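A.B. asks: Got a structure for you, questions after.
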Amino acid sequence: MNRRYRKTIIAGNWKMNMTASETRKFAEELKAIMPRAKWCETLICVPACNISTAIKAFKDLRVSVGAENVYFEEKGAYTGEVSAAMLKDLGVKYVIVGHSERREYFGETNETVNKKVHAVLDHDMNPIICVGESLSQREQGLTPEWIALQVKAALAGVSAEKLRRCVIAYEPIWAIGTGKTASAEQAGEVCTAIRATIRALYGARVARSVTIQYGGSMNPKNAFELLAQPDIDGGLIGGASLKPEQFVDIINAANQE
Ligand code: 13P
């Protein structure tokens with residue numbers, strides 16, 4: 001973390017978990033144990049159908065609500081999709097774009113990710129852009145090129161001013177939901193390389209202001225060490241964000257001086 005130059009953001013990604021009633025129950029439980037977020041911003045990204053419920057339930061908790069996906073077209077005949085204008089109107093602040101599960105199961109490409117990034121920015125929300133390599137790419141030594149390619153493609157046509165509203169989440173695919181975390185050094189190294197890629201594109205001032213999160217089996221045990229890396233400014237947390245106590249422990253790790 002480097003709180004002098006950029007925000008620390010602890011974000012949950014609930015994926016396809018939690019009904020509306022479970023969301024309300026989670027908020028009640030969280031209310032009892034939520035610390036004062038001194039240093040970090042906190043948010044939870046929930047399924048689209050539960051966004052309104054979550055916004056109401058988290059209102060007094062200083063927890064923002066994010067979306068897990070968006071469609072890039074403005075409006076029209078796209079049955080089943082949700083537009084950026086719809087999310088904005090509900091009160092959404094952050095939108096996850098390009099999660100590896102969407103890339104793998106729903107045909108998301110670097111091109112659609114880029115279109116979604118623009119749609120989110122055009123509607124004054126903040127995209128959380130996910131990038132990450134597979135195990136075989138890591139083993140072949142392809143991680144640096146692959147991540148740089150994903151970052152550049154996602155940010156194509158994004159102005160320096162708008163880039164300040166983007167968050168990048170480095171999520172090695174092999175560490176997602178596997179209990180296998182990247183070591184703090186491995187994760188820190190890639191996040192430093194992501195900042196270098198942004199620096200080459202936008203200059204040092206902009207690059208140092210961008211929040212870069214780590215995601216992939218982050219939990220109360222490893223959060224502190226990961227967040228101690230100078231270029232890791234927060235977490236995108238799946239499994240551990242479904243349990244109020246674990247989520248709070250991670251927030252506490254980010255709150256330490
Ligand atoms: P896990 O924390 O469950 O590994 O999920 C990480 C993730 O994909 C967050 O977007």
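The values are calculated or read from the model by the stated rules, or taken from the named source; none is laboratory data. Just so we're clear, the structure is a prediction, and the values are computed from it rather than from any experiment. Positions of Cβ are backbone-derived with ideal geometry, glycine not excepted, and every protein chain shown enters the neighbour counts. For the accessible areas, the whole protein counts, side chains as well, though only heavy atoms, and no ligand, DNA or RNA atoms are used. Shrake-Rupley method; radii C 1.70, N 1.55, O 1.52, S 1.80 Å.
A.B. asks: Name the most mobile residue of Lys38, Lys93, Lys116, meaning the one with the largest mean-square fluctuation, in a Gaussian network model of the chain with Cα contacts below 10 Å.
C.D. replies: Result: Lys38 has the largest fluctuation of those listed.
A.B. asks: Could you work out, for segment 211-257, what percent of all Cα-Cα pairs fall into each 5 Å distance bin, beginning at 0 Å and stopping at the bin that holds the largest distance?
C.D. replies: Distribution as computed: 5, 26, 37, 23, 8, 1 percent.
A.B. asks: Taking a temperature of 10 °C and a viscosity of 1.306 mPa s, what whole-number D in µm²/s does Stokes-Einstein yield for segment 58-124 with Rh from Kirkwood over alpha carbon pairs?
C.D. replies: Calculated translational D: 126 µm²/s.
A.B. asks: Using 0.36 nm per residue of separation minus the Cα-Cα distance, give me the extension gain between Ile33 and Asn2 in nm, one decimal.
C.D. replies: 8.5 nm
A.B. asks: To one decimal place, what Kirkwood hydrodynamic radius in Å is obtained for segment 188-244 from all pairs of distinct Cα atoms?
C.D. replies: For segment 188-244, inverting the mean 1/r across all distinct Cα pairs yields 12.1 Å.
A.B. asks: Right, here's the next one. Note down the magnitude of the dipole of segment 82-219 about its Cα centre, charges +1 on Lys and Arg C-beta and -1 on Asp and Glu C-beta and zero elsewhere, to the nearest 20 debye.
C.D. replies: In total the dipole reaches around 460 debye.
A.B. asks: Separate question: Expressed in whole Å with the largest first, what are the equivalent ellipsoid semi-axes of segment 1-152 derived from the C-alpha gyration tensor as the square root of 5 times each eigenvalue?
C.D. replies: 27, 21, 15
A.B. asks: Please identify, among Arg102, Arg205, Arg165, the residue showing maximal mean-square fluctuation in a Gaussian network model of the chain using a 10 angstrom Cα cutoff.
C.D. replies: Per the Cα network of the chain with a 10 Å cutoff, Arg205 tops the list.
A.B. asks: Ok, one more. Net charge within 15 Å of Pro220 by Cβ-Cβ distance, Lys/Arg positive one each and Asp/Glu negative one each, not counting Pro220 itself?
C.D. replies: That works out to -1.
A.B. asks: Oh, and also: Rolling a 1.4 Å sphere over the protein heavy atoms, what is the accessible area per residue of segment 1-44, to the nearest Å²?
C.D. replies: Accessible area per residue, segment 1-44: 56 Å².
A.B. asks: Here is a follow-up. Report, to the nearest whole %, how much of the accessible area of the chain belongs to carbon and sulfur atoms, 1.4 Å probe, protein only.
C.D. replies: Roughly 52 percent, rounded to a whole number.
A.B. asks: Taking springs between alpha-carbon atoms closer than 10 angstrom, which of Tyr170, Tyr78, Tyr202 fluctuates most in the Gaussian network model of the chain?
C.D. replies: For the chain, modelled as a Gaussian network with Cα springs under 10 Å, the answer is Tyr78.
A.B. asks: Right, something else. Mind putting a number on the dipole of segment 1-86 about its Cα centre? Charges go on the C-beta only, +1 for Lys and Arg and -1 for Asp and Glu, and I need it in Debye to the nearest 20.
C.D. replies: 640
A.B. asks: Classify segment 4-71 as rounded, prolate or oblate from the Cα gyration tensor: take a ≥ b ≥ c as the square roots of its eigenvalues, call it rounded if a/c is under 1.5, otherwise prolate when a/b beats b/c and oblate if not.
C.D. replies: Note, shape of segment 4-71 comes out oblate.
A.B. asks: Which value, in debye to the nearest 20, gives the size of the charge dipole of segment 53-144 about its Cα centre, when Lys and Arg are +1 and Asp and Glu are -1 at the Cβ?
C.D. replies: Here the size comes out at about 340 debye.
A.B. asks: Next question. Relative contact order for segment 19-113: what percent, with Cα pairs under 8 Å and sequence separation of 6 or more?
C.D. replies: Worked out over segment 19-113, it gives 24 percent.
A.B. asks: If you don't mind, there's one more thing I want to ask. When only alpha-carbon atoms are used, what values of Rg and Dmax, in angstrom, describe segment 134-237?
C.D. replies: When restricted to the Cα atoms of segment 134-237, Rg and Dmax are 13.4, 39 Å.
A.B. asks: Net charge within 11 Å of Ala27 by Cβ-Cβ distance, Lys/Arg positive one each and Asp/Glu negative one each, not counting Ala27 itself?
C.D. replies: +1
A.B. asks: Which whole number in µm²/s is D for the chain by Stokes-Einstein, with the Kirkwood Rh taken over Cα pairs at 25 °C and 0.890 mPa s?
C.D. replies: Once the numbers are plugged in, D ends up at 136 µm²/s.
A.B. asks: On to the next question. Identify the GluC sites (Glu not before Pro) of segment 78-182 meeting these criteria: DSSP loop state and at most 15 other C-beta atoms within 10 Å of the C-beta.
C.D. replies: Within segment 78-182, the qualifying GluC sites (Glu not before Pro) (loop, at most 15 other Cβ atoms within 10 Å) are Glu81.
A.B. asks: Counting alpha carbon pairs within less than 8 Å and at least 6 residues apart, what relative contact order, in whole percent, applies to segment 202-244?
C.D. replies: Relative CO of segment 202-244 lands at 44 percent.
A.B. asks: Using alpha-carbon positions, what is the distance between the centroids of segment 128-151 and segment 169-237, in Å?
C.D. replies: 13
A.B. asks: Run the simple label-point estimate for Glu245 and Met16 please: 7 Å along Cα→C-beta, distance reported in nm.
C.D. replies: About 3.0 nm separates the two model spin labels.
A.B. asks: Taking every pair of alpha-carbon atoms in segment 70-198, give the share separated by more than 27 Å as a whole percent.
C.D. replies: 20
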